[in-house]
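Taken together, the values in this text are just the output of simple stated rules run on the coordinates, not laboratory data. On a predicted model such as this, the values are computed, not experimentally measured, just so you know. All Cβ positions, glycine included, derive from the backbone under ideal geometry; neighbour counts span all protein chains shown.
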Amino acid sequence: MAKKKTIRTIPQERTPMREQDPIERARNFKEVACGYSVEDALREAERCLQCADEPCVRGCPVSIDIPAFIQKITEKHYHGAYDIISDTNLLPSVCGRVCPQESQCEGVCTVGDTLEPVAIGRLERFVGDTAIREGWASVPYIEPSGFRVGIVGAGPAGMACAADMAKAGCEVTVYEAFHEPGGVLKYGIPDFRLPNDVIDAEIEKLRRLGIRFQCNTLVGRLFTIEQMVTEMGFHAVFIGTGAGYPSFMGIPGESLNGVLSANELLTRCNLMRARDFPNVDTPLQPGRRVAVIGAGNTAMDALRVSLRLGADKVSCIYRRSKTEAPARVEEVHHAEQEGIEFHWLTSPIEILGDEKKAVRAMRCVRMELGDPDESGRRRPVPVAGSEFEIETDMVVFAIGTNANPILGQTAKLKLGKRGYIETDDHLATSIAGVYAGGDIVTGAATVIQAMGAGRKAAAAMKAYLGLRDTDGVYAPDDQDPSTRRFGIPVEERGFSRVRLP
Amino acid sequence: MDSTGSQGFEIVARQDFSDVTFLLEVRHPMLARAARAGQFVIVMEHESGERIPLTIADFDRDAGTITLVIQAVGKTTREMQANCRAGTELYAVVGPMGIPSHIGGKKKVLCVGGGLGVAPIYPQARAWKESGAYVIGVVGFRNRDLVFWEDKFRACCDELIVCTDDGSAGIKGLVTEGIKQAIAKHPDIEEAVAIGPPIMMKGCAEATRPHKIRTMVSLNPVMVDGTGMCGGCRVKIGETVKFACVDGPDFDGHLVDFDDLMSRLTRYRDAEREALERWTESCRIRKDEEPAMATSYLADTPSTDA
């Protein structure tokens, strides 16, 4: 065993990841961040202190055993690293790219107290991409349990839940309304951040676990949640339909041609591949000067997609300052590098049209930050007399989403005030055997949070079905007895309550 | 099933009503069972196709099929007209989407369909008839040659007024003329349903407004997913903004801002024109290159993958 590493002996600088040149990449859809080479990964893995405290594991919504997989990398045992990650996370290539690591694992990294934290996300991506390239898949021996599980929505929450239920021996069918599985990973996150072939590769892994994806299926309308339980023979159901009903501001001019939601822009561009129009049939209005309202991750995607679609000028309009912007730091940084113009402390008040009802400009007002509001962020207030016009021919709203109404319209599920599905602490809904998680419960959040919810629900569903936790991870005596991984109490693990379906 | 998890949807029959209007009967037993009057589906003809909303014109629960009536006006619909035959498959069919029409509790109802709205008004007329209402149908066509489904309408309507622009069948004039006649004869009409191009629905709403007859219209704005996700289909209803795909597609015609709807329908007009021209050109070239292409290629063939 090598000498114990200390903060002084590890490589001091965080290993940079090669990126496409900003000027060049702003005009193509190829991935911005090129990933670590083996040398990069080995060097960065050396930076992990293997500290006893392991704050990173607690910072991870799905509790990946981060020090252990990094240790495997330093041993050049990449398959071993992959096995450790895929114990708790089936989609390392996705999460390594899109997780907000700075506020999760990397945000609490011990090394980060003194130096830049270990680049956990990049290492995770390295392992995931290596697994895809080498065709590794951890397909455990699965003993059929005889239970059938239906999952509504093939996005991150549904995929994570499906994986756990399949590993527990359930026959899993995932229903998806679109013609391809993936949910927000496919329609929302653009290729330059998360290439579609990476998603397809990860989905293929789920298929190898025996999971069936049934696309073109609008649950609620084609059949109801109740029918899944009563007629279709599902012993448990998970709802992970996402939020995805886009918000607009209600300012004058929103129905002008050239005003659209970020969801529409991104879906046309990513899922429907409108950027290849007319070789594909879905069109997209070309914007020459595009204004995107909002500063979350979706807004960053909309901005950068607009640039790549050929806009001359792309501006971000946000009513608070850069400090409050909800997007990942890295995304804002990338957008700045690529030449996006940021108008912080600016709020639109009216969209102006021409005689053809097309957008020609947007009236905005400057804001200043007042006292903190309920969210703890300082409330923006308009500065009197500061109105001004921005010339634009396309306005994209990326100011958040609301709950999708379809399941509320069609199932007798208990909903909260804003239309989100109400659940108990174990993500059980008001219908027995039906669980829900992700954005449709919490409102818009991140991919990894949705995956965490999918896994938490899976744990509860296994308990509901009387299935023993088949992942075979038993907490040793010296570990925190509260369920480090699966939300199932230690004493429940290995407790076999067999209920015949 | 291909690698993306999509599977085809078999076309079991096709019927042409005119050089632009055609009917497809698609096998989808689950959808046929779930469909109700007023709902729509989203269809993709092929993998790089566009997602287009089409109102469900009919459904046969015993045969497990749904019927779509399509007007070949743009690239996608013309391509469907050229390619979709019995035995071929559609890449994607998803639905039923939208809130079903509220049918029942009225004694006398006027069902108006014009142009591409004639087909989707049929399940409404039939459902009203089944609910026990006295149904007066008004259907409009350009001329006698384009009239279709007259027998189907006669079977479910207590009275049917056929209108043609040139008077070659039924009465001469637009459907609004038929509405006037119907209201004159039946002052006790309690509800009207109108489906067709926006300009026609606007005319219908104006025709019934003075008589204070509640008039439901079915809106057809541009949409992508049809599940409330893109917001492209937002329409102004009175003071509020609604998404036609999940809040509709039926709305009170007296509250709909039709001018806004019509202007929003032109959003992708340039792109649509470009796509159509390009496609027409490619068809012409293909035709020139393969003059010997026999029509048997187009003949209906039974599906081999039953």
### Task
Report the equivalent ellipsoid semi-axes for the stretch B:10-114 in whole Å, largest first, defined as the square roots of five times the eigenvalues of the gyration tensor built from alpha carbon atoms.
24, 16, 13
### Shielding of A:276-289 by partner chains, average beta-carbon count, 10 Å
5
## Note on the structure
The farthest towards the positive end of the charge dipole of the protein assembly as shown, of the residues A:VAL149, A:MET300, A:CYS48, given +1 on Cβ of Lys and Arg and -1 on Cβ of Asp and Glu, is A:VAL149
### Task
Report, in degrees rounded to the nearest 10, the 0 to 90 angle that the Cα long axis of helix B:269-289 makes with the longest principal axis of chain B.
40 degrees
### Query
Given a cut-off of under 8 Å on Cα pairs at least six residues apart, what relative contact order in percent is computed for the stretch A:42-92?
34 percent
### Task
Evaluate the relative contact order of chain A (contact order divided by residue number), counting alpha-carbon pairs under 8 angstrom at least 6 apart; express in whole percent.
15 percent
### Message
Among the listed pairs B:LYS108/B:LYS180; A:LYS412/B:LYS108; B:LYS106/B:LYS129; A:LYS186/A:LYS456; A:LYS414/B:LYS236, which have their C-alpha atoms separated by more than 21 angstrom in this model?
### Response
A:LYS412/B:LYS108; A:LYS186/A:LYS456; A:LYS414/B:LYS236
### Query
Which angle between 0 and 90 degrees, to the nearest 10, do you get for helix A:447-465 versus the longest principal axis of chain A when only C-alpha atoms count?
40 degrees
### Message
So if I place +1 on the C-beta of Lys and Arg and -1 on the C-beta of Asp and Glu, and nothing else carries charge, what would the dipole magnitude of the stretch A:1-141 be about its Cα centre? I want it in debye, nearest 20.
### Response
180 debye
### Message
Considering only C-alpha atoms, what is the centroid distance from the stretch B:158-207 to the stretch A:119-176, in Å?
### Response
57 Å
### Dipole of the protein assembly as shown [Lys/Arg +1, Asp/Glu -1 at C-beta], most positive-end residue of A:PRO283, B:TRP279, A:THR15
A:PRO283
#### Entry: Label-zone membership for the stretch A:279-303, site B:ARG284, 7 angstrom Cα→C-beta point, backbone N under 20 Å
A:279
### Task
Give the distance, in whole Å, between the Cα centre of the stretch A:238-285 and the Cα centre of the stretch B:78-121.
24 Å
### Query
Cα convex hull of the protein assembly as shown: mean projected area in nm², to one decimal?
38.3 nm²
#### Entry: Surface/4 of the Cα convex hull for the stretch A:276-324, nm²
3.8 nm²
### Query
Can you tell me the Rg and the Dmax, both Å, for the Cα atoms in the stretch B:228-277?
12.6, 39
#### Entry: Number of partner chain Cβ atoms within 10 Å, mean per residue of A:213-220
6
### Task
For chain A, build the charge dipole from Cβ charges (+1 Lys, Arg; -1 Asp, Glu) around the Cα centre, then report which of A:ALA131, A:CYS170, A:SER37 sits farthest towards its positive end.
A:CYS170
### Task
Quick one: what are the phi-derived ³J(HN,Hα) couplings along the stretch A:58-63, Karplus 6.51/-1.76/1.60 with θ = phi - 60°, whole Hz, x for glycine and proline?
5, x, 8, x, 10, 6
### Summary
Relative contact order as a percentage, the stretch A:1-124, C-alpha pairs under 8 Å and 6+ apart, gives 29 percent
### Query
When N is the residue count of the stretch A:43-87, what does its C-alpha Rg come to as a fraction of 2.2 N^0.38 Å?
1.08
## Note on the structure
The ratio Rg/Rh over the Cα atoms of the stretch A:71-163, Rh being the Kirkwood inverse mean 1/r radius, stands at 1.04
### Query
Kirkwood-based Rg over Rh for chain B (C-alpha set), two decimals?
0.97
#### Entry: Two-decimal ratio, the stretch A:1-160, of alpha-carbon radius of gyration to 2.2 N^0.38 Å
1.12
### Task
Per DSSP H run of at least 4 residues, take -39500 (n - 2.57); add these up for the protein assembly as shown, divide by its residues and hand me the 222 nm value, nearest 500 deg cm²/dmol.
-8500 deg cm²/dmol
### Query
By average Cβ neighbour count within 10 Å, what is the ranking of A:302-309, B:77-84, B:99-106 from highest down?
A:302-309, B:77-84, B:99-106
### Query
Placing +1 at every Lys and Arg Cβ and -1 at every Asp and Glu Cβ, with all other atoms neutral, what dipole size does the protein assembly as shown have around its Cα centre, in debye to the nearest 20?
1000 debye
### Message
If I fit a long axis through the Cα atoms of helix A:120-134 and take the longest principal axis of the Cα atoms of chain A, what angle between them do I get, 0 to 90°, rounded to 10?
### Response
70 degrees
### Protection proxy ranking, peptides B:258-269, A:38-49, average beta carbon neighbours within 10 Å, highest first
A:38-49, B:258-269
### Message
For B:LYS212, give me every one of the aspartates and glutamates with a C-alpha distance below 15 angstrom, ignoring sequence neighbours fewer than eight places off in its own chain.
### Response
B:ASP188, B:GLU190, B:GLU191, B:ASP252
### Task
Over the whole of A:173-179, what's the average partner chain Cβ count within 10 Å per residue? Rounded to a whole number, please.
5
